[in-house]
Amino acid sequence: MKYKLPLFVLLGTLLPFSQNADARLLLGSKMPNTAVFVKSEFNGDSSITSVGVEMMAKQNNSHFGVIFTSAVGAARVDNKQGEQEEFITWDNGMKLGYFNDFFIYAELGLDLFELAFKNDRGDNTYQIEKSNNDIDGYAGIGMGYHFKPFKIEAFTRVRQIDGYYWEAEEHIYSGVQLSLTF
């Protein structure tokens with residue numbers, strides 16, 4: 001059990017990279033799109049700002065595909081008690097959709113940082129019995145435009161964010177992402 005968690009985290013990080021290599025083997029000589037990005041999402045005073053990488057896998061002559069993402073970020077989230085929580089995120093997910101110059105997608109993901117470090121997010125202040133705490137995740141939709149080599153997109157996500165003793169006040173976040181593609 002001691003080594004299963006680090007192995008799971010390592011495999012979760014390598015998934016986007018391995019998908020890129022597998023896609024090249026399966027799809028022929030055309031390399032799937034790879035990008036680095038910066039994104040910011042917000043709701044009121046709550047915000048999450050991240051940098052990351054994404055890799056697309058799709059058939060050469062199709063506009064439908066999947067993009068695997070991994071991003072590290074800093075979050076400031078208002079909780080239901082009126083306080084602001086600050087923590088690091090490591091979002092990993094995938095976008096399924098139509099990808100051309102104009103693109104639209106649905107996405108799912110989770111916070112592997114919370115999984116790896118057992119979600120201690122500042123909860124050491126209280127010494128009471130732990131409540132139910134799920135791994136944070138998100139589901140969303142987005143759209144954007146790819147004017148090579150840049151992409152700009154707007155998205156909305158429903159996020160489940162909590163700690164052992166707190167829950168985020170808001171669950172719907174909207175944001176923008178700027179990417180440089182290779």
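Observations on the model:
- Per-peptide packing, taken as the mean over residues of other Cβ atoms within 10 Å, places 96-103, 169-176 in the sequence 169-176, 96-103 from highest down.
- Extending 7 Å from Cα along the Cβ direction at Asn61 and again at Met143 yields two label points whose distance is 2.8 nm.
- Difference of contour (0.36 nm per residue) and Cα-Cα distance, Ala106 to Thr49: 18.5 nm
- Inter-label distance, Ala74 to Ala116: 1.8 nm, where each label sits 7 Å from its Cα along the C-beta direction.
- Hits among aspartates and glutamates - C-alpha to C-alpha of Lys151 under 18 Å, sequence gap 8 or more where chains match: Glu41, Glu54, Asp101, Glu107
- Farthest positive-ward along the range 47-120 dipole, Cα basis, beta-carbon charges - from Leu108, Gly93, Gln59: Gln59
- Space enclosed by the convex hull of the alpha-carbon atoms of the range 44-104, per residue, Å³: 105
Here, each number is a calculation from the coordinates, and none is a lab measurement. Being a predicted model, the structure only gives us computed values, none of them experimental. Heads up, the Cβs are rebuilt from the backbone with ideal geometry, glycines too, and the neighbour counts pull from every protein chain shown.
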